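What follows is a set of notes on a single structure, which appears directly below.
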Amino acid sequence: YMVISMSNQLIADINRYCTPAVSKEVKDLAIGEAYLMRGVAYFYLVRSWGEVIVYEDNEVMTSNPMQPLTVEEDVLKFAIRDFERAAALLPTSSTGNHATKYAAEALLAKALLAQSGWNKNGTRDADTLERVKELCRDIIENGPYDLMDNYEDLYKYATNNYSMSNKETVLAMHFADPTTAEWGSYNANYSDLAWNGSSDVNV
């Protein structure tokens, strides 16, 4: 819910306070990433807890936090809508470790795959599966991803980030600073709790 609240606030603030000096490309990237992360949060919540509270306005939520639960199917639809919005706003390529259209399409495909069989007693919706296939085809044929030469490299510190030669990463939380490769910069818990010598980089 912290991710949801931050995403809501970012979307609201950009739409409310951005001046014409801020380019459309910059606004689209920021809002697209906010939709993407909010979708990820709700997709995680519905798979973990089922019915949860869905809200888009932080002010409404803080003024009246006793909100009804939203049924699972509608939470999933909300996440899918956010992924669709993100895919429409995000660029096809990115610098500085920002998300792309293809990351949003990957999450959208995953959510649609879940929706295709959600509460359907072992069956899946054929039309939804076709849409999943189309999204995956676009990602494979046009996205910047590829399989690593050595599977074990996926789990090495040196290839934790896309910018550090991990070409399989679609969307990930960075536990190392992508500009310096220093561990603990983005997730202090890792450097605090990991065993001594677990990283090949001094922190």
Which value, in debye to the nearest 20, describes the size of the charge dipole of the stretch 6-48 about its Cα centre when Lys and Arg Cβ atoms bear +1, Asp and Glu Cβ atoms bear -1, and nothing else is charged?
140
With charges only on Cβ, +1 for K and R and -1 for D and E, what is the dipole size of the stretch 1-154 about its Cα centre, in debye, rounded to 20?
280
Report the charge-dipole magnitude of the stretch 20-70 in Debye, nearest 20, computed about the Cα centre from +1 at each Lys and Arg Cβ and -1 at each Asp and Glu Cβ.
120
Percentage, to the nearest whole number, of Cα pairs in the stretch 1-56 over 13 Å apart:
60
Between rounded, prolate and oblate, where does the stretch 1-129 land on the alpha carbon gyration tensor, with a ≥ b ≥ c its root eigenvalues, rounded for a/c under 1.5, else prolate if a/b exceeds b/c?
oblate
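Taken together, the values in this text are just the output of simple stated rules run on the coordinates, not laboratory data. Small disclaimer: the values here were computed from a predicted structure and weren't measured. Glycine also receives a Cβ, built like all others from the backbone with ideal geometry; neighbour counts cover every protein chain displayed.
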